[in-house]
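The values are calculated or read from the model by the stated rules, or taken from the named source; none is laboratory data. From a predicted model like this one, the values you see are computed outputs, not experimental measurements. Glycine also receives a Cβ, built like all others from the backbone with ideal geometry; neighbour counts cover every protein chain displayed. Please note that ligands, DNA and RNA were not included when accessible areas were found on the heavy atoms of the full protein model with its side chains. Shrake-Rupley method; radii C 1.70, N 1.55, O 1.52, S 1.80 Å.
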Amino acid sequence: MMVWALLLEYDGGPFVGWQRQATGLSVQAVLEAAAARLSHGTPTPTIVAGRTDAGVHAKAQVAQLTLEAAFDPVRLREALNFHMKPHPVVVLRAAMAPDGWNARFSAIARHYRYRILNRRARPALLAGRVWHIAHPLDAAAMHRAAQGLIGRHDFTSFRAASCQAKSPLRTLDRLDVAVDGDIITVTAQARSFLHHQVRNMVGTLKLVGDGHWPAERLATALAARDRSAGGPTAPAEGLCLIGVHYAVDPFALAEATPGN
């Protein structure tokens, strides 16, 4: 048996999310169906670094796949991509996983980006990739407010009611808000996030940006430990998983190994 690490890119728009559901098409179902084609129809369960929701995109998702047959990494990538057509999900890289590595539990950081298109005209080229907000936002005020969420806190106020995590405690390492032209980008990094945490933080920061909330109210909402004290959930389409980090990175190991 060979354990593989797969670096994935996908458009979350057509999917019900990463995880297989009773109805609707999931990214997991597409990948596992392609992998089964390489295993003579044998089911091939996968493990993933981040279970993205419906409509959420990924630039660098990491999945774990176990196959009985031996493959060259490039041939495995190409075979999976062929069998996943025409769905908007591709394997960017495949690498042999080191002993004991797990796509989910070995991750030491997850990196998300949320983009807001802040202009009067609706998006054309970026449709389905951004949250369109027509009225002006104060990105500098949003960034100042965001810094109050950095560190280890009880994030109940920014947690979905359906979240199944055992504890609301999380350590947020980074929450930056930057503006480039008419794009406002919120960048968040932590070892792990609660369900909807990033989207709920962005939705709350938007209230600061448009002047409905003073920046100080964000700290009050956090301290309340009550979802009703936070702001709305930002739309899924603006969110993208852009990186997963590991102490022992299988893709870096593959680059360092002669012949790979």
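Figures for the structure shown
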quantity: Positive-end residue of ALA36, HIS153, PHE15, charge dipole of the chain with Cβ unit charges; calculated: HIS153
quantity: Cα→Cβ-extended label distance, 7 Å offset, between ARG120 and ALA33, nm; calculated: 4.5 nm
quantity: Computed Kirkwood radius, in angstrom, where 1/r is averaged over Cα pairs of region 117-158; calculated: 12.7 Å
quantity: Translational D in µm²/s for the chain (Stokes-Einstein at 37 °C, 0.692 mPa s, Kirkwood Rh from C-alpha pairs); calculated: 169 µm²/s
quantity: Charge dipole magnitude, Cβ of K and R +1, D and E -1 - region 109-260, Cα centre, debye nearest 20; calculated: 360 debye
quantity: Carbon plus sulfur fraction of accessible area for region 1-91, probe 1.4 Å, in percent; calculated: 55 percent
quantity: Region 68-200, relative contact order [Cα under 8 Å, separation at least 6], %; calculated: 24 percent
quantity: Cα-based shape type of region 37-108, given that a ≥ b ≥ c are square roots of the gyration tensor eigenvalues and the cut on a/c is 1.5; calculated: oblate
quantity: Estimated inter-spin distance, ALA70 and ALA178, nm [label 7 Å along Cα→Cβ]; calculated: 4.5 nm
quantity: Loop trypsin sites (Lys or Arg not before Pro), region 187-224, which have at most 14 other Cβ atoms in a 10 Å radius of their Cβ (DSSP); calculated: ARG191
quantity: Shape category assigned to region 77-192 from the gyration tensor of Cα positions, a/c cut at 1.5; calculated: oblate
quantity: Cα-Cα separations in region 143-260 greater than 26 Å, expressed as whole percent; calculated: 26 percent
quantity: By average C-beta atoms within 10 angstrom, highest first, the peptides 125-137, 238-250; calculated: 238-250, 125-137
quantity: Estimated translational D of region 166-233 in µm²/s (Stokes, Kirkwood radius over Cα pairs; 37 °C; 0.692 mPa s); calculated: 255 µm²/s
